[in-house]
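Structure first, then comments.
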Amino acid sequence: MSLTAAQLAQYDLDGLRFIEDFIDVQACDRLRKRADELVSDFDPQGVVSIFSTREQTRTSDDYFLESGDKIRFFFEENAFLPDGSLRQSKKRSINKIGHALHDLDPVFNSFSRTPEIKQLVSDLGIEQPLLVQSMYIFKQPNIGGEVTCHQDATFLYTEPLRMVGLWFALEDATVENGCLWAIPGDHKRGLKSRFMHVDGGGTRFDVFDDAPWPEEKLQPLEVKKGTLIVLHPLLPHLSRENRSSKSRHAYTLHIIDASAHYPRENWLQRSREMPSRGF
């Protein structure tokens, strides 16, 4: 399957593209089963790394910052009681797994490197693709945390900007269980900030435009299981809290072009022994 000229023009206009039934139900279920296995094998003893987009510079720890070439587990903000114990089971407390599933796990590797994804990325103009980041996102029932409005390029910046985000719905995503929301067309406003390493440790945001997002323009991206949402790196998008009894599992993959410069100031880095690779 290739994108038509009209479909590419629509992607350029809106900054996103829906492709229904891009993956079959069996592939979705294989990924969910493998994620459950990884969580079951994970020993959280001594690991309390919480994923939050509200206070990112404060909650960025070494466990998070050194995860670019590893498989690591991050808890929901509201996973813990005041005494430090989990509110729910371990399985129902993990926010996401990241950030090198696509390289280190055979099931995720197979899912991420299909001919269909390779063709899609080529159609989008990524000529020398490198799979730089993957995340399995649980959006847990009742405690699934908010992801505030952001652009992917804030976190995975290249010069020139040559990157694409692929968001795979492994379950139906609805307003009720925390689907994505986006502002179509606002990718043309340019990059508003960058999230970077600080010399000596830690992170910072460099802000180029501090005007608030026009959130009144947000549109819900409700999709069925198996749908792929293609996201432009400058598209503003978010997901709200999941206070429903239904989870909203998704898998995301970010791909850059090797012809572009990937700055060493980007938060996500890899060791020399494990460089990013393509298909």
Count of segment 181-200 residues which are under 18 Å from the mean Cα position of the chain (by Cα) and part of a helix (DSSP H, G or I): 1
Within segment 184-201, tally of residues that are modelled with pLDDT under 95 and loosely packed, with under 13 Cβ neighbours inside 10 Å: 4
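Test of understanding: among Glu176, Glu216, which residue is in a loop (DSSP other than H, G, I, E, B) and open to solvent by 70 Å² or more (accessible area, probe 1.4 Å)?
Matching residue, one of Glu176, Glu216: Glu176.
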Count - residues of segment 27-43 that are closer than 17 Å to Ser93 by Cβ, open to solvent by 80 Å² or more (accessible area, probe 1.4 Å) and part of a helix (DSSP H, G or I): 2
Hits in segment 122-181 - residues which are among the acidic types (Asp, Glu), touching a strand residue (DSSP E or B) at 6+ places or on another chain (Cβ under 9 Å) and under 30 Å from Arg277 (Cβ atoms): Glu127, Asp152, Glu159, Glu171
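Just the residues that are open to solvent by less than 80 Å² (accessible area, probe 1.4 Å) and either in a loop (DSSP other than H, G, I, E, B) or in contact with a Phe, Trp or Tyr (Cβ under 7 Å, 6 or more places away or on another chain) (or both), please, taken from segment 80-97. Steps first, please.
Taking segment 80-97 and keeping what is open to solvent by less than 80 Å² (accessible area, probe 1.4 Å), we get 80-81, 84-86, 88-90, 93-97.
Across segment 80-97, the qualifying residues are Leu81, Gly84, Ser85, Leu86, Gln88, Ser89, Ser93, Ile94, Asn95, Lys96, Ile97.
Residue-wise test of (1) among the basic types (Lys, Arg); (2) more than 24 Å from Tyr251 (Cα to Cα).
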| position | (1), (2) |
| --- | --- |
| Leu166 | no, no |
| Ala173 | no, no |
| Ala182 | no, no |
| His187 | no, no |
| Lys192 | yes, yes |
| Phe195 | no, no |
| Gly201 | no, yes |
| Asp206 | no, yes |
| Glu216 | no, yes |
Evaluation of Pro275 against (1) assigned to a strand (DSSP E or B); (2) surrounded by fewer than 17 Cβ atoms within 10 Å (Cβ to Cβ) (one fails), failing number: (1)
Which listed residue, of Lys225, Lys246, is open to solvent by 20 Å² or more (accessible area, probe 1.4 Å), at pLDDT 95 or above, assigned to a loop (DSSP other than H, G, I, E, B) and touching a helix residue (DSSP H, G or I) at 6+ places or on another chain (Cβ under 8 Å): Lys225
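Looking at segment 127-141, which of the residues that are in a strand (DSSP E or B) and more than 25 Å from Glu76 (Cβ to Cβ) is least open to solvent (accessible area, probe 1.4 Å)?
So in segment 127-141, the residues in a strand (DSSP E or B) come out as 129-137.
Pick out the ones that are also more than 25 Å from Glu76 (Cβ to Cβ) and you get 129-131.
Values: Pro129: 33, Leu130: 41, Leu131: 0 Å².
Filtering first and then ranking leaves Leu131.
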Selection status of Gly178, touching a residue at least 40 places away in the same chain (Cβ under 8 Å) and at positive phi: yes
Residues within segment 142-173 that are under 30 Å from Ala258 (Cα atoms), part of a strand (DSSP E or B) and open to solvent by less than 30 Å² (accessible area, probe 1.4 Å), tallied: 8
Pair list, Cβ under 7 Å, 6 or more apart: segment 116-137 residue farther than 14 Å from Phe168 by Cα and modelled with pLDDT of 95 or more, other residue assigned to a helix (DSSP H, G or I) and open to solvent by less than 30 Å² (accessible area, probe 1.4 Å): Pro129/Val121; Leu131/His102; Leu131/Ser112
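The values are calculated or read from the model by the stated rules, or taken from the named source; none is laboratory data. In this text the structure is predicted, and so the values were computed from the model without any measurement. Neighbour counts are summed over all protein chains in view; Cβ atoms, including those assigned to glycine, are modelled from backbone coordinates with ideal geometry. Just the protein is used for accessible areas: all its heavy atoms, side chains included, with ligands, DNA and RNA removed. Shrake-Rupley method; radii C 1.70, N 1.55, O 1.52, S 1.80 Å.
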